[in-house]
Amino acid sequence: MRVLSPSLVLALLLASCASSPRSRFYTLDPVPPRVQRPAPGLMLQVAAVHIPEVLQRQEMVRESAPETLHLSDRNRWGAPLAGMIQRVLEQDLAARLPASTMLSPGSLPPAGTQVLVIDVLRFDAGPSGNVRLEGSWAQFAPGSGKPLLMQRVQLAAQAHPVGGSRGQAAAMSRLLGRLADRIAATLAR
C-alpha cells in the first residue's frame, strides 16, 4: 500500500479546484423611476415577499424547455432571492413615492402603517431569454388579515441576448422597477 505525501495530496487538491469553473455572483439593483407619484398620506412597509421553493436557492434558475428547468452551477445569487427582491422593491418604491412614505423592513412601524405583501409565482428567464414576473401584490391595513387592495401582476422583459445571467439579472431588476411603477400609480389613485 502506497502512502502519498501531504504535499502531493495538497497539490492534487489544488489542481482539482483550479480546474473547476469559477462561480459568478449576481444581484438585483433598483432602477430609476419613470415618474414620482404622490401617495395619499400613507406610511407603507413591504412586510413580506413570498417566492416559490424552486427559486429559493443560490443557483440562478432558467427554463431551458417546457417543463424543464436549468439550475446554473456557475451563476449564483449573491444573497437569498426573496430578500433581494424585497430590498430592491423597497428602494424602487422609495424612489417613486414621497420621502416619508416607505419604511425600511427592520424599522418598527408606527401606528397606522399599511403593509404590502408580494406573492411571486414565477420570476425567471425562459428559453428565448424573455424574463417573466408573475404573481400578485396586496395592501393591508394595520392588524388586518383582509387586503384593502389586491392586484395580479404579469410582466415580461427581454434580457440582452448576449448578456446571459447578467442580462437575466438586469431584466429582473427592470421588472421590479415596473412593478414599483404600477404599485405607486395604484396607490396614487
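Brief remarks follow.
- Positions within the stretch 113-130 being outside any strand (DSSP E or B) and either at pLDDT 85 or above or surrounded by 14 or more Cβ atoms within 10 Å (Cβ to Cβ) (or both), in sequence order: Thr113, Gly126, Gly129
- Note on the stretch 87-103: among residues that are more than 16 Å from Arg182 (Cα to Cα) and either free of Cβ contacts under 8 Å to residues at least 24 places away in the same chain or within 12 Å of the chain's Cα centre (by Cα) (or both), the one that is surrounded by the fewest Cβ atoms within 10 Å (Cβ to Cβ) is Ala99.
- Some residue of the stretch 62-75 being under 27 Å from Asp181 (Cα atoms), at pLDDT 65 or above and not small (Gly, Ala, Ser): yes
- Selected residue (criterion: farthest from Pro98 (Cα to Cα)) from residues of the stretch 28-71 that are surrounded by 13 or more Cβ atoms within 10 Å (Cβ to Cβ) and among the acidic types (Asp, Glu): Glu63
- Check on Thr113, without any contact (Cβ under 8 Å) to a residue 40 or more places away in the chain, out of contact with any helix residue (DSSP H, G or I) (no Cβ under 8 Å at 6 or more places or on another chain) and among the polar types (S, T, N, Q): no
- Odd one out for Gly135 among (1) among the small types (Gly, Ala, Ser); (2) in a loop (DSSP other than H, G, I, E, B); (3) closer than 13 Å to Leu176 by Cβ: (2)
- Of all residues in the stretch 131-152 being under 22 Å from Leu108 (Cβ atoms) and loosely packed, with under 12 Cβ neighbours inside 10 Å, the one that is modelled with the lowest pLDDT: Gly143
- Once the stretch 46-59 is narrowed to residues that are under 16 Å from Leu121 (Cα atoms), among the aliphatic types (A, V, I, L, M) and part of a strand (DSSP E or B), the residue that is modelled with the lowest pLDDT is Ala48.
- Against the test of being over 18 Å from the mean Cα position of the chain (by Cα) and not charged (D, E, K, R), the options Ala185, Ala157, Ala171 yield a single qualifying residue, Ala185.
- Restricting the stretch 95-110 to residues that are assigned to a loop (DSSP other than H, G, I, E, B) and hydrophobic (A, V, I, L, M, F, W, C) leaves a set whose member that is modelled with the lowest pLDDT is Ala99.
- Considering residues of the stretch 171-189 that are crowded, with 19+ Cβ neighbours inside 10 Å, in contact (Cβ under 8 Å) with a residue 60 or more places away in the chain and of a type in the set (A, V, I, L, M, F, W, C) only, the residue farthest from Ala125 (Cα to Cα): Leu187
- Residue match in the stretch 140-157 (condition: touching a residue at least 12 places away in the same chain (Cβ under 8 Å) and hydroxyl-bearing (Ser, Thr, Tyr)): no
- For the stretch 75-89, the count of residues that are touching a strand residue (DSSP E or B) at 6+ places or on another chain (Cβ under 9 Å), farther than 26 Å from Ala170 by Cβ, not in a loop (DSSP other than H, G, I, E, B) and not hydroxyl-bearing (Ser, Thr, Tyr) is zero.
The values are calculated or read from the model by the stated rules, or taken from the named source; none is laboratory data. All values reported here derive from a predicted model rather than from experimental measurement. Note: ideal-geometry Cβ built from the backbone for every residue, glycine included; neighbour counts use all protein chains shown.
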